Amino acid sequence: MSIWQELCYSLSARAAQAPAPFVVAIDGRCCSGKTSLAAYLGEKLGAPVLHIDDFYLPFAYRTALRLEQVGGHIHAERFREEILGPVSEGKEIIYRAYRAHSDTWEPELTIPPHPLYVVEGSYALLPLLEEFYHYKIFLTVDPITQESRLLKREGPEKAAQFLTRWVVAEEKYFAACEVRSHADAAFDTSDCW
């Protein structure tokens, strides 16, 4: 049995013993496999996967003061109100994903109530959101593998931007919010995916 199969089994057992809905959060370093693990868990557990990347702060709300905050570029308040609030009350979720690269909104999505949800993305464990999760996972990856994956995913120019901007910001967030120490489990994915 693989480590991910064991994780599925463990989460399924935990969810069965906990009051529904059960929410799993996956946070971690850039290119550590958060989206891949979330997709795997979502498929195996029959759970909707909710992406923090759909909740970047729109440009209209970006102020210097806001962007100075750790994780300030994430619209965590909207994620809490539109996603985690309804989930915790057993209600359907209705939201629109925001695409920062084009400053546009996707069509409205509706997700009916489920007994289990998976939240994934950097900044998923911001203090404003953490109380809604029943199980928190932190993924890490060594710097060489991270850079290699970034180059493959983004190409040289964008990978350099990620390394000098987003990876630095993530590390600041991990330290300021003590993300790894708040997680229920941590996995090094350097040899995975």
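The values are calculated or read from the model by the stated rules, or taken from the named source; none is laboratory data. Given the structure is predicted, the values throughout are model-derived calculations rather than measurements. Counting neighbours? That spans all protein chains shown, and the Cβs are built from the backbone with ideal geometry, glycine included. The area values use the complete protein model at the heavy-atom level, side chains included, leaving out ligands, DNA and RNA. Shrake-Rupley method; radii C 1.70, N 1.55, O 1.52, S 1.80 Å.
So, Gly72, is that one within 23 Å of Pro19 (Cα to Cα) and not in a helix (DSSP H, G or I) or not?
no
One line per residue, one yes/no per condition, for (1) surrounded by 14 or more Cβ atoms within 10 Å (Cβ to Cβ); (2) in contact with a Gly (Cβ under 6 Å, 6 or more places away or on another chain); (3) under 16 Å from His114 (Cα atoms):
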| position | (1), (2), (3) |
| --- | --- |
| Glu6 | no, no, no |
| Ser12 | yes, no, yes |
| Ala15 | yes, no, yes |
| Val24 | yes, no, yes |
| Cys31 | yes, no, no |
| Ser36 | yes, no, no |
| Gly42 | yes, no, yes |
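Please state which one of Pro115, Pro86 is open to solvent by 80 Å² or more (accessible area, probe 1.4 Å), at pLDDT 95 or above and either among the hydrophobic types (A, V, I, L, M, F, W, C) or over 16 Å from Tyr56 (Cβ atoms) (or both).
Only one candidate qualifies: Pro115.
Being farther than 20 Å from Ala169 by Cβ and of a type in the set (A, V, I, L, M, F, W, C) is the filter; apply it to region 122-142 and report the residue that is surrounded by the most Cβ atoms within 10 Å (Cβ to Cβ).
So the residue we want is Ile137.
Taking interchain pairs and intrachain pairs at least six residues apart, which have beta carbon atoms under 6 angstrom, with the first residue in region 67-95 and on the phi > 0 side of the Ramachandran plot and the second among the aliphatic types (A, V, I, L, M) and outside any helix (DSSP H, G or I)?
The qualifying pairs are Gly71/Leu126.
Given (1) under 18 Å from the mean Cα position of the chain (by Cα); (2) open to solvent by 30 Å² or more (accessible area, probe 1.4 Å); (3) farther than 24 Å from His182 by Cβ, identify the lone condition not met by Thr110.
(1)
Sort through Phe79, Phe59 and tell me the only one that's modelled with pLDDT of 95 or more and farther than 21 Å from Thr189 by Cβ.
Phe79
Which one is most open to solvent (accessible area, probe 1.4 Å) among residues in region 44-61 that are more than 19 Å from Val168 (Cα to Cα) and part of a loop (DSSP other than H, G, I, E, B)?
Gly46
Contact list please: Cβ distance under 9 Å, first residue in region 166-183 and under 11 Å from Pro127 (Cβ atoms) and touching a residue at least 60 places away in the same chain (Cβ under 8 Å), second residue assigned to a helix (DSSP H, G or I) and open to solvent by 20 Å² or more (accessible area, probe 1.4 Å), pairs at least six apart or on different chains.
Hits for this filter: Cys177/Pro127; Cys177/Glu130.
Testing Ser181 on (1) open to solvent by 50 Å² or more (accessible area, probe 1.4 Å); (2) of a type in the set (S, T, N, Q); (3) assigned to a helix (DSSP H, G or I); (4) farther than 29 Å from Ala18 by Cβ, one condition comes back false. Which one is that?
Failed condition: (4).
Looking at region 150-188, which of its residues are at pLDDT below 95 and farther than 20 Å from Val70 by Cβ?
Correct list: Leu150, Leu151, Lys152, Arg153, Glu154, Gly155, Pro156, Glu157, Lys158, Ala159, Ala160.
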